[in-house]
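The values are calculated or read from the model by the stated rules, or taken from the named source; none is laboratory data. No experiment lies behind these values; they were computed from the predicted model shown. Here the Cβ positions follow ideal geometry from the backbone for every residue, glycine too, while neighbour counts run over all protein chains shown. Heavy atoms of the whole protein, side chains included, go into the accessibility calculation; ligands, DNA and RNA do not. Shrake-Rupley method; radii C 1.70, N 1.55, O 1.52, S 1.80 Å.
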Amino acid sequence: MKRPLFTTLAAILAGTLLFSIIIFACKNKNITKASAENSAISIGVFIPGVRSGSAVYEMLAQGVQAGVEAYNAKADENQAAVTVIEGGYNQAEWENKITSMAASGSYNLIVSANPSLPDIVSRVSVKFPQQYFLLLDGELGANPRVYTLRYNQREQAYMAGYIAALETEEFAATGGKNPSGIVRQIGLVAAQEYPVMNQVILPGFLEGARAVHPAYTVDFRIVGNWYDAAKAAELAADMIQGGGIKVLLCIAGGANEGVVNTASQHGAKVVWFDTNGYAIRPGTVIGSAVLYQDTAAFNQVQRYLEGILPFGTAETLGVNDGYVDFIEDDPLYREAVSPLTREKQAAMIGRIRSGELVLNL
Ligand code: RBF
């Protein structure tokens, strides 16, 4: 009688032990599997062009990278990783490239920036409705998987136009001769035409100049791409020598270099866009109307990683949100521009900051 009872107890004990071991092993396996799956939050950055030479794209890549690093430093598990993919200058290929990124299923989030992306992403999103997108420098409302942030570029261009006209006025007042006879004209060299350029930046630039004097006009020239510095130099030379333009704004990525070189050779001045450009050619670059795309990318990626990025919404941020600015505190600005011009520019910026001058989109 004793033996069977002992055997039964031993069998129960052994069975329980074995069961526990199996459960423990399974649980452990589940934990390992779960953490392996969640450990990489994958973010893909699509550069619509080439990173080098285009400050807006440098800021995009750096901002995403920094946002992910800041998050990883705080998070124990679920670390995030970034892959940057350059789309290249052939804009006809971008949609296929973004489609491949979405089709790969490799990215929890695809980040990109420029005003042509919302249309492309709308089409890709129909084919891959699960894919999440964060788009800067563009606008798209009402797609539940897409968040967009654009900058108030009317303010940015207005501040550029204002300094361009102030500097041109100063040139005329100090007896500068203009061969064309058209004194109140400023220049804009753009890489290509696109809706934001034609409907926001060019009109904003002119509006800023006309706030200095209503007679201002803009000589608007197109390079045809975002890299041809020789072509941009040719256009700038014609504007300066033929048209008597004294101040030019350039928005042409890598081609900007040609405008700066030509301007400095002919005693003309340049207003820089998107980043602080004074150090590029001290004395020639007399204004920097900037946007903080690095901060925007950093902040929005953090929001995404914290699970609070409001997909389906479109935000517009400007001077009073801290995303658009004119750099006044650089010693190279103080050296390049007269105290009176700086004073007038500062007063105008003060009017935007105080809300007296409202430049909504
Ligand atoms: N800006 C650049 O600096 N480099 C580029 O290669 C570039 N490519 C663009 C392509 C398209 C189709 C569009 C619409 C804009 C592009 N931009 C580029 C302009 C950029 O988005 C922004 O408008 C300007 O930098 C002015 O803030």
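Observations on the model:
- For A81, nonlocal amide neighbours, meaning residues 5 or more places apart or on other chains whose placed amide H falls under 5 Å from its own, are I41, S42, I43.
- Quotient of C-alpha Rg and 2.2 N^0.38 Å, computed over the chain: 1.35
- Protein accessible area in the range 257-328, 1.4 Å probe - carbon and sulfur %: 46
- Helix 55-74 axis, angle to the chain major axis (alpha carbon atoms, nearest 10°): 30
- Compared with the direct C-alpha span, the chain from F311 to E139 gains 60.7 nm at full extension, assuming 0.36 nm per residue.
- Each Lys and Arg adds +1 at its Cβ and each Asp and Glu adds -1 at its Cβ; summed about the Cα centre, the chain shows a dipole of about 1280 debye.
- GluC sites (Glu not before Pro) within the range 210-319: DSSP coil, no more than 16 neighbouring Cβ in 10 Å: E306
- With Cα atoms, 0 to 90° folded angle of helix 94-104 axis to the chain main axis: 10
- Extended-chain gain in nm, criterion 0.36 nm per residue less alpha-carbon gap, R353 and Q265: 28.1 nm
- Contact order relative to length of the chain, as percent, for alpha carbon pairs under 8 angstrom and 6 or more apart: 17
- Residues whose placed amide H lies under 5 Å from that of D274, excluding near-sequence neighbours: A289, V290, L291
- Angle between the chain longest axis and helix 339-354 axis [Cα atoms, degrees, rounded to 10]: 50
- Solvent-accessible area per residue for the chain (1.4 angstrom probe, square angstrom): 46
- Taken as Cα centroids, the range 292-361 and the range 182-219 sit 20 Å apart, rounded to the nearest whole angstrom.
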